[in-house]
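S.K.: Following this message is one structure expressed as structure tokens.
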Amino acid sequence: MQFDEFKDLVKNTRTTRRFKKDIKIEPKELEEVIDIARVTSSAMNKQPLKYLIVTKEELVKNLATTCKWASHLTQWTQSEDEQPSAFIVVLNDKSIDGFAMVDCGITLNSIMLGLKIKGYASSPLASIDKELCKTLFSLESNLEPILGIAVGIEDETVKIVEVQEDTNYYRDEDDNHCVPKRDLNQIIVGKF
Ligand SMILES: Cc1cc2nc3c(=O)[nH]c(=O)nc-3n(C[C@H](O)[C@H](O)[C@H](O)COP(=O)(O)O)c2cc1C
């Protein structure tokens, strides 16, 4: 893969919150991306993260309905028709003394990119109902849910735009989801 192709992949891998309905995702597909996450960097190589794969319709619906989607879009709530097809839930195994949150960011990126290559869109969801996960999946007390990742086929266009007044995402007049990203010269604060 060339650098420009990788850059395009990253640019096109955006948080997606409106998904096509009636799309089935096989657990095996999600297992394959978790197998990529399995070999990513981990602080002190402790590997405290564990995963749940959720593809059963009722369970997916339950998780999707209880997440908080797009807090900046006050006029929009996700309808049942826009819900994802599956979830990956990232868990911190508290019996392993690692750096779960940092590892989780690394794993999230690998999973989102892997899903994109497979033709799926995704959304990280820190707002996933963690207590609900514990109950629904009868989690052992050492397993703490830390992040949901909704997965499906996108039914919206997401564009990177320049930052104007703030970094809040918004929908434009054509209903594109616009994500302002700071310019390179705003984030590189020194070259020494
Ligand atoms: C750790 C993390 C947690 C997030 N949690 C939520 C969430 O609970 N609900 C939501 O709608 N979006 C959530 N997002 C998505 C962010 O809003 C999104 O990354 C941001 O708007 C930038 O869009 P982009 O991912 O396309 O660059 C989360 C993103 C990250 C990285």
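Taken together, the values in this text are just the output of simple stated rules run on the coordinates, not laboratory data. None of the values given here were measured: they were computed from a predicted structure. With ideal geometry, Cβ positions are generated from the backbone for all residues, glycine too; neighbour counts draw on all protein chains shown.
S.K.: Sort 47-60, 157-170 for me by packing, meaning the mean count of neighbouring Cβ atoms within 10 Å per residue, highest on top. Spell out each step's value before the answer.
M.R.: Values: 47-60: 17.6, 157-170: 12.6.
By packing density, highest mean first, the sequence is 47-60, 157-170.
S.K.: May I pose another question? Aspartates and glutamates within cross-link reach of residue 181: Cα-Cα under 16 Å, excluding same-chain residues under 8 positions apart?
M.R.: Counting by Cα, and skipping residues close in sequence, residue 181 has these aspartates and glutamates nearby: 8, 162, 165, 166, 172.
S.K.: Let me ask you something else. Quick one: in the stretch 67-192, what % of C-alpha pairs are over 17 Å apart?
M.R.: Pairs farther apart than 17 Å: 68 percent.
S.K.: Among the aspartates and glutamates, select those whose C-alpha is under 20 Å from the C-alpha of residue 94, and discard any that sit fewer than 8 residues away in the same chain.
M.R.: 103, 129, 131, 140, 144
S.K.: Where the centre of each part is set by its Cα atoms, how far does the stretch 66-90 sit from the stretch 132-161, in angstrom?
M.R.: 10
S.K.: Can you tell me the length gained on complete extension of the stretch residue 102 to residue 41, counting 0.36 nm per residue apart and subtracting the Cα distance?
M.R.: Net length gain for the segment: 21.0 nm.
S.K.: Determine the relative contact order of the stretch 59-157: mean sequence separation of Cα pairs under 8 Å and six or more apart, normalised by residue count, in whole percent.
M.R.: Rounded, it is 42 percent for the stretch 59-157.
S.K.: Tell me, what ³J(HN,Hα) does each residue in the stretch 118-135 have, in order and in whole Hz, if you take phi through Karplus 6.51 cos²θ - 1.76 cosθ + 1.60 with θ = phi - 60° and put x for Gly and Pro?
M.R.: Once rounded to whole Hz, the list reads 7, x, 10, 9, 8, 9, x, 9, 5, 7, 3, 6, 5, 5, 4, 4, 4, 6.
S.K.: While we're looking at this one, here's another question. I want the local charge near residue 40. Using Cβ-Cβ distances under 15 Å, sum +1 for each Lys or Arg and -1 for each Asp or Glu among the other residues.
M.R.: So the environment of residue 40 carries a net charge of 0.
S.K.: May I pose another question? Taking the Cβ of residue 16 as the center, what net charge do the other residues with Cβ under 9 Å away carry, scoring Lys and Arg +1 and Asp and Glu -1?
M.R.: 0
S.K.: Sticking with this one: Please compute the net charge surrounding residue 140, taking Lys and Arg as +1 and Asp and Glu as -1 over other residues with Cβ under 13 Å from its Cβ. Before the final figure, lay out each step's value.
M.R.: Values: positive: 50, 94, 134; negative: 93, 144.
Combined, the nearby Lys, Arg, Asp and Glu give +1.
S.K.: Which far-off residues, 5 or more places away or on another chain, put their amide H under 5 Å from the one on residue 178, with H placed in the peptide plane?
M.R.: Answer set, sorted by chain and number: 159, 170, 171, 172.
S.K.: Whole-Hz ³J(HN,Hα) for each residue in the stretch 16-32, computed from phi via Karplus 6.51 cos²θ - 1.76 cosθ + 1.60 with θ = phi - 60°, x for glycine and proline: what do you get?
M.R.: 10, 10, 10, 10, 6, 8, 6, 9, 9, 10, 6, x, 4, 4, 6, 4, 5
S.K.: Tell me, what is the percent relative contact order of the chain, built from C-alpha pairs under 8 Å that lie six or more residues apart? Each step should come with its number before you reach the end.
M.R.: Working: 333 pairs, mean separation 52.5, N = 192.
The normalised contact order for the chain reaches 27 percent.
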